[in-house]
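Okay, structure first, notes after.
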Amino acid sequence: MEDEVRPVTALFADIVGSTALGERLLPEEVKALVGECMTRLSGAVEEFGGTVQAYQGDGICALFGVPAAHADDPERAARAALRILEIAGSYSEDIRAAWGIDRFNVRVGINSGPAGVGTVGMAAPQAVALGDMTNVAARLEAVAEPGTVLVGDGTARLLERRFVLEERGPLAVKGRARPVRAWRLLHARPTDQSGTTTPTVGRDGELERLRNALAELARGRGQIVLLSGEDGLGKSRLVAELTRDAGEVTRLEGHCPSYGGDALYRPFVEILREWLGVAEGDAEIAVRTKARARLGTLLGAQLDALMPSFARLLGIKTESDVPVDVEVAYAEWILALARRRPVLLVVEDLQWADAATRELAERLLALTEREALMLVFSFAAATPSEATRLRLAVLGEYSHRASELTLAPLADEAADAVARTFLPGVDAATTAALVSRAAGNPFYLEELLRAVVEGSVVDRRRTWTLTVGSAELMPPALESLLLARIDRLPEGARRLVQVAAVVGRSFPVRVLETAVDTDDLDGDLTTLLRAEVVREVRRYPELECAFPHALLQQAALSTLTAGRRRELYGRVAAAFEEVYDASPDDHLERLAHYYAQAEDRVKTIEYLERAARRHDALGAPEQAARLREHARG
Ligand SMILES: Nc1ncnc2c1ncn2[C@@H]1O[C@H](COP(=O)(O)OP(=O)(O)O)[C@@H](O)[C@H]1O
Ligand SMILES: [Mg+2]
């Protein structure tokens, strides 16, 4: 593994009060108890896709975003932390009941930021992430009250839309001149608070098709809608518009979380629980009572045979030995609902679904032939997933009931309108610059605007500065999202995309062939094209590809260490010289740029000088003077 610089979220959790156990228990008993607790804390980390980096005494250090970034690493860490409090809470109750010791608890610190990531050690090399952000995370953990989670300031800002946080006083941190601000993480917000108050623009065609499907549903005709589009293009927004307009229907909505965990049928369980009115943490007896009552009213005598399957889905025990068939039971339930009145069932983000979820979704397709059921599946389609399999099943057998909506980037005028309603105060030039940088993706645009408001942006050198309108504007939430797309690529393609990003936003493939030594450039390039990380621009006179937007190119560059960056620019410069040996004059400034990035002063000046002479010859003295100026500076 190459050394890299990447955004990482660190979580430190430490058990407190384990020494008090030592007074009452044998050492091996303490070890068994604390050990088991730590294993379960690690389990919580892994459930949300983190990795435990180290065990220290009776604490753990975990990382989110290593080896691969997820769009929502801070959120994953926050959810893991809340789970950790839950686990420690039940341990502490047991320990109090058994030995009367009541100080057993856990405290947690979370912080995000750039870290140097790589391997250390010879015999058994281990991945590490090092950076100031981990020190702060450890410090936050150390000062957190037992039973609480403290979060760093930047991380809190990334979490505030989905979690409730409470400010704590500034804390002194070793090695830091200024105290850091800290926040206590309380709990998740019930629903995402991100703005749905602004009007939806530029999607008239899509909304009309969705409304047509609803009109068909009202006539009792089953419908299937496939809604696909890259993250942030507005799938959830359209779903919200659709459910709002749906009228007299039963609305059911489930989501596939990106951290799949090990619970099968996640979105379908969410739908069932919501319909039953079962809340997180309800006691088993309450769940069973509600399920029996509500499902019994709907299903009547059928319930006895189906109850064990519903129990399995709800995670409660049953005594009955009736065989369980979750898919049959779920389908019967939906059918019974649809017989009462039309049902609109939405499953979002199916690209994260497990196979069982997809199979159940597939089973529901047939119901659209029988009752007034409208199924809406949203997903990002760039990489093969259970969602793309489901899509094939829909198009293969149910095309007579299916509509497929593939969201394209917003047109410039629409994006402009989003910017103006989201943030009226920004001047026209900045808005235009941000609109072009967001390339029609409203989520990118909102993040860029938010970054301008907050006045704090991570630039390429990763210092917190305000660079309004700068070409390097890259808010942290956006960086994680884009990096996650790149990290999902297989290793070969991921390396290739880094070199491509060094060549430029658009790049001749011949240069890559020369700069990269790989046996499967074609295969890797095809992977990139399929994942829509790059696009084909032209095939003649030679194959040229490009990143769909500069943000993605920048994200691909962002993990390179300074040393690796110099090396790659040097390689690309040499490859360019070789490929365009016959016509170097067309590329002099580009070569000067590469050599400047490679920190090869001599070559940089040589190419700037040649470029200046060329401008002289072409009768453009100002250009020439500018280049000579550049060469001196
Ligand atoms: N057509 C639109 N007009 C205005 N805002 C939009 C539009 N589409 C999306 N948005 C906003 O952009 C952000 C991302 O949209 P979202 O629906 O969450 O995308 P997705 O579900 O495809 O990832 C949200 O804040 C959403 O409100
Ligand atoms: Mg969404």
* To do: Could you give the spread of the C-alpha atoms of region 239-302 along their three principal axes, from largest to smallest, in whole angstroms?
  => 35, 34, 20
* Asked: By how many degrees, between 0 and 90 and to the nearest 10, does the Cα long axis of helix 235-245 differ from the longest principal axis of the chain?
  -> 50
* To do: With +1 on each Lys and Arg Cβ and -1 on each Asp and Glu Cβ, and nothing else charged, work out how big the dipole of the chain is about its Cα centre, in Debye to the nearest 20.
  => 1160
* Where both residues lie in the chain, what percent of DSSP beta bridges are antiparallel, nearest 5? -> 65
* Structure fact -> the chain: relative contact order from alpha carbon pairs under 8 Å, six or more residues apart, as a whole percent, is 11
* Asked: Where does each of 395-405, 336-346 land if you order them by average Cβ count within 10 Å, highest first?
  -> 336-346, 395-405
* Separation of alpha-carbon centers, region 216-265 and region 152-172, rounded to whole Å -> 32
* Cα-based helix-to-principal-axis angle, 266-276 vs the chain, degrees rounded to 10 -> 40
* Structure fact -> In whole µm²/s, the translational diffusion coefficient that Stokes-Einstein assigns to the chain, given a Kirkwood hydrodynamic radius over C-alpha pairs, 4 °C and 1.567 mPa s, equals 47
* Structure fact -> Least to most buried among S506, S309, S385, by other C-beta atoms within 10 Å and fewest first, runs S506, S385, S309
* **the chain: angle of helix 27-47 to the longest principal axis, Cα-based, in degrees nearest 10** => 70
* Could you state the number of Å between the C-alpha centres of region 65-118 and region 398-457? -> 35
* Quick one: M122, M38, M374, fewest Cβ neighbours within 10 Å first, how do they rank? -> M122, M38, M374
* Structure fact -> The simple spin-label model distance between W275 and A355, using points 7 Å out along Cα→Cβ, in nm, is 2.6
* If you project the alpha carbons of region 204-405 onto the principal axes, what extent comes out on each, in Å, largest first? -> 51, 37, 29
* Structure fact -> Rounded to one decimal in Å, the inverse mean reciprocal Cα-Cα distance for region 582-632, i.e. its Kirkwood radius, is 10.7
* Neighbour net charge for D520 - beta-carbon separation under 14 angstrom, K R +1, D E -1 -> -4
* Helix-derived [θ] at 222 nm for the chain: sum -39500 (n - 2.57) over DSSP H runs of at least 4, divide by residue count, nearest 500? -> -16000 deg cm²/dmol
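Rule-based calculations on the coordinates, nothing more; no lab input. Every value quoted in this text rests on a predicted model; they were computed, and no experiment measured them. Positions of Cβ are generated from backbone atoms using ideal geometry, with glycine treated the same way; all protein chains shown enter the neighbour counts.
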